[in-house]
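The values are calculated or read from the model by the stated rules, or taken from the named source; none is laboratory data. None of these values were measured; they are calculated from a predicted model. Virtual Cβ from ideal backbone geometry, glycine too; neighbours counted across all protein chains shown. Calculation scope for accessible area: heavy atoms of the full protein, side chains included, ligands and nucleic acids excluded. Shrake-Rupley method; radii C 1.70, N 1.55, O 1.52, S 1.80 Å.
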Number of protein chains: 2
Amino acid sequence: MSVKWMLVFPLLLVFFVGSTSTGNVLVWPVDFSHWLNMKAILDELIARGHQVTVLVPSSFLIMNFSEPSRFQVEVISVPIEKEDMETILQDFVRISAYERHELSFWRFFMKIFDLMKELLHRNRIICDTVLLNEKLLKKLESAHFNILISDPVTACGELVAEKLHLPFIYSFRLSSGNTLERLCGGIPSPPSYVPASLGGLTDRMTFLQRMGNMLFYLSQDIVFQHVLFKQWDTFYSEVLGRPTTFCETMTKAEIWLIRTYWDFEFPRPLLPNFEFVGGLHCQPAKPLPEEMEKFVQSSGEHGIVVFSLGSIIKNLTDEKSAMVALALSQLPQKVIWRYKGKRPEKLGANTRVYDWIPQNDLLGHPKTKAFITHGGTNGIYEAIYHGIPMVGIPMFGDQPDNIGHMKAKGMAVELNIHTMTAKDLVDAVNTVIHNATYKENAVRISQIHHDQPIKPLDRAVFWIEFVMRHKSAKHLRVAAHDLTWYQYHSLDVIAFLIVCIALFVFIVVKCCTFCCRKCGSIRKKTKKE
Amino acid sequence: MSVKWMLVFPLLLVFFVGSTSTGNVLVWPVDFSHWLNMKAILDELIARGHQVTVLVPSSFLIMNFSEPSRFQVEVISVPIEKEDMETILQDFVRISAYERHELSFWRFFMKIFDLMKELLHRNRIICDTVLLNEKLLKKLESAHFNILISDPVTACGELVAEKLHLPFIYSFRLSSGNTLERLCGGIPSPPSYVPASLGGLTDRMTFLQRMGNMLFYLSQDIVFQHVLFKQWDTFYSEVLGRPTTFCETMTKAEIWLIRTYWDFEFPRPLLPNFEFVGGLHCQPAKPLPEEMEKFVQSSGEHGIVVFSLGSIIKNLTDEKSAMVALALSQLPQKVIWRYKGKRPEKLGANTRVYDWIPQNDLLGHPKTKAFITHGGTNGIYEAIYHGIPMVGIPMFGDQPDNIGHMKAKGMAVELNIHTMTAKDLVDAVNTVIHNATYKENAVRISQIHHDQPIKPLDRAVFWIEFVMRHKSAKHLRVAAHDLTWYQYHSLDVIAFLIVCIALFVFIVVKCCTFCCRKCGSIRKKTKKE
């Protein structure tokens, strides 16, 4: 009997720790592509039998509340119109993509800064609506959630988790200058080889670039500390009824699921509770709709080009769309263009425009030769997954940085939406299709993406379930979070050692001087005597 | 047909990158427990169909060359006697475990330092024997290996790999002060919360401890750079026929398989090419030999205590072994004691002494209540795997540090071999058995160990096969390796910025002084007029 027990014990242990009874998950989402990525995780959680409740502000743009959903949706009725959010977003695109080149750096920065403040103001309204609503809080409390998953691009998810005494996990792409990851996540980022997010640099920098990188880090720290943190610190303390800060609350995240991987990312230091799960939403291509498949097949040996500027870019100027249409018409490939705006008058016979396209399925189609993209992370990962070289036309947010990464990895060419001509676009597409290195690099990067010990989605879900099983992942949390900034950088130790050395040198010098004088006076005395 | 192809393409990609045709592996091993851990990896590689050749110096102590082996063993006949190695090792144990308390710190340090130099000298002889033997090198070259696995506790593995143009992987426990990992592996270790290996601290340090930690790091850097690196730099350059250094050669390691995990380790920053695979050699317990099983079963509800001081400690003094025997005889548990030395005259009826024990199987036995151990990493991981609390009697090397970790995690009590009494030993065993927190912590740590997305051994083998498939893992290598130390710490940038600020302040002050003077002289002139 004991022998049996011996064999059974480790299995029981594995079974005990390896099995998660179905859990109850609360979600604090962010709109648009953030939601699409988060949804892939939630779908998998539901497929594994967990219950998922999403807290959605009524101003959320991408979710259609009338559509049936597999999630429990808790709509938070906020005094913000959808149109209002849409206007801010389109202003953001307009300024970033079009006005950037007409404005001075300072004017551009101030305009973006004002928009960020507008978004922050609305974030605060949403936060107030949830956290000052006792009835909602009681309802959430009585639902006995096991975990909260938050995207920290909008604040407050961690505060809801703390208020409800729930462990929480982040699903995150980035903050400007990795500021949240560094200051609140504790991840070390030596400015000498870790390029600041949105700084447009790679991991190989010249002296001037390294200086720029360091100054960019510093500037972002100042902006975040004086705008974002300041806005939240008092509120977080009030809500939790104890002195705390926004950043301190963020340090309690059990796991940070980062939406990239080393196929895309430049290798850099990480922490045990940072999991890089980029591309978790990607899947093998499914068959295309019949009409689209016919069009794709008609491309013959030339194949097709897939073109999309994402869900936020809804309209180009007439002039720009005509130029794009002209360029596309000059390609020997068939082109599938996702575009919701006013159709250009002259569209090539080789081009079809769609309101929506099954992008992942198209990128996974064997006829696909290239992808013209604005450089959103989700789209880039679909291209990586299927090994398709890219022409990047980045607009705003992380897009320029994303395309920068893909250029550095040799699987993309970059164009500037503001200055590009039809010839530039044609040349760029031809380059990524006919210069074999782009395809070779795309396949190599794709191989790296696929060759992981465990798939990104499985890893993400594993750690969510881990936190539900153990109620935390504290064994992965660095002690750095309990140090002040000067302790973390050992500045107090260095200062103390410098003082000690200075004191030692001072005493030695004084002793020597004293001895010399003594000797001198003794010699004088002897001389006199 | 195209739809089929669509579905098949990603599968093909996964298949292509996911399958490794059997490879040819060369191994540069280290003696004793290092070899036992490495062997677990090699056994798995052989089970997966790879060919494994181990380069074994004839002075290697643990391997019996006459025994049949599943590995190809290439014995390097070196002018070093086994007895010579054994003597150095026993000197090492004697000084560390017994003489430490009788010697001044400086005298102890110098004795250990001399022994390290002796070992280094023998390492160099082995290295010479391999690398100056053209015939052996040609033989190795013609064997067309795909990868070399090395334990960098002894140098030269990386040099053999470079000479044969092979990618290489490290299997490593630690270097004193994490010096090799930091300076040659690039892993960041902020001294404020990452305790230096062998420094005996945890991740939560007082001001004085943080200072001690920083000074320990600095001292190790000096020792390594002036003794170890200096010894090898010229030799590595000569052998490779180009100017290089020992450390630069080490930076080329594709992956560092570190023989710990976050169950044991304090959470700390890591790099993408560092995999923490602690406990990869552990397995579910197999049935015990019949006689041993009967003895274990006879323990009734009290259960058993397993006692081993490892394979290196062969003898205790008569006095010490009598004291241990007396202590063990006072326990209500049955005791299984692995001990090769002279048997103590009075042995309790509850104690049985064995030359060798199936340690993992005993620790996995449901009757086992506690483990008295010297604190070797392999044994500690077996205790973690099976959730058994420990009494640690560390002797030398990483043992005091290992037991320190287990104490900090609440699953061990520490005793000092030099000062402990029979009562101390009895009390310690009673504490870890009857104070429930020790068992609770042991089970908690064990759960963390077992609850990983993929088993440590599978992860280790995955990355070895990955490097064989792709011929490298360069996508995980940080650009930090191509920076000088002052560039890495941004000292050039900081110096430049300080000079700029100083210059700016100087110019502003000069301008102000100039203006003030001008104004003064104008005022004087006006006054005069």
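Residues that are under 18 Å from residue A:284 (Cα atoms), open to solvent by 20 Å² or more (accessible area, probe 1.4 Å) and either in contact with a Leu (Cβ under 8 Å, 6 or more places away or on another chain) or of a type outside the set (Lys, Arg) (or both) are absent from region A:386-393.
Taken together, the residues in region A:272-292 that are over 22 Å from residue B:260 (Cβ atoms) and at the interface with another protein chain (Cβ under 7 Å from one of its Cβ atoms) amount to 3. On the stretch given as region B:142-167, residues that are out of contact with any strand residue (DSSP E or B) (no Cβ under 9 Å at 6 or more places or on another chain) and either open to solvent by 20 Å² or more (accessible area, probe 1.4 Å) or of a type in the set (Ser, Thr, Tyr) (or both) total 3.
Answer with yes or no whether residue B:409 is farther than 30 Å from residue A:263 by Cβ and within 11 Å of chain A (Cβ to nearest Cβ).
Answer is yes for this residue.
Restricting attention to region B:114-135, the residues that are touching a residue at least 60 places away in the same chain (Cβ under 8 Å), open to solvent by less than 60 Å² (accessible area, probe 1.4 Å) and within 20 Å of residue B:220 (Cα to Cα) total 1.
Only one entry of A:375, A:397 meets the criterion of being small (Gly, Ala, Ser) and open to solvent by 10 Å² or more (accessible area, probe 1.4 Å), and that entry is A:397. The single residue among B:498, B:464 that is open to solvent by 90 Å² or more (accessible area, probe 1.4 Å) and either more than 9 Å from chain A (Cβ to nearest Cβ) or modelled with pLDDT under 95 (or both) turns out to be B:498. Within this structure, residue A:421 passes the test of being in the same structural domain as residue A:346 (by TED's automatic domain parsing), out of contact with any strand residue (DSSP E or B) (no Cβ under 8 Å at 6 or more places or on another chain), over 22 Å from residue A:266 (Cβ atoms) and not hydrophobic (A, V, I, L, M, F, W, C).
Within region A:84-98, not a single residue is among the hydroxyl-bearing types (Ser, Thr, Tyr), buried (at least 16 other Cβ atoms within 10 Å of the Cβ), touching a strand residue (DSSP E or B) at 6+ places or on another chain (Cβ under 8 Å) and in the same structural domain as residue A:237 (by TED's automatic domain parsing).
Remark: pairs (first residue in region A:204-216, of a type in the set (A, V, I, L, M); second residue open to solvent by 60 Å² or more (accessible area, probe 1.4 Å); Cβ separation under 9 Å; 6+ apart in sequence or on different chains) = A:211/B:496; A:214/B:494. Out of the residues in region A:25-62 that are closer than 27 Å to residue A:398 by Cα and among the β-branched types (Val, Ile, Thr), which is most open to solvent (accessible area, probe 1.4 Å)? So the residue we want is A:62.
Within region B:293-309, being within 12 Å of chain A (Cβ to nearest Cβ) and without any contact (Cβ under 8 Å) to a residue 24 or more places away in the chain holds for B:293, B:294. Within region A:428-452, if we keep just the residues that are surrounded by fewer than 16 Cβ atoms within 10 Å (Cβ to Cβ) and not polar (S, T, N, Q), the residue that is nearest to the other protein chains (Cβ to nearest Cβ) turns out to be A:440. Of the residues B:246, B:264, the single one that is under 25 Å from residue B:193 (Cβ atoms), surrounded by 18 or more Cβ atoms within 10 Å (Cβ to Cβ) and of a type in the set (Phe, Trp, Tyr) is B:264. Selection over region A:157-185 of residues that are more than 16 Å from the chain's Cα centre (by Cα) and on the phi > 0 side of the Ramachandran plot gives a count of 1. Residues in region A:13-33 that are over 21 Å from residue B:384 (Cβ atoms) and either modelled with pLDDT under 90 or in a loop (DSSP other than H, G, I, E, B) (or both): A:20, A:21, A:22, A:23, A:29, A:30, A:31, A:32, A:33.
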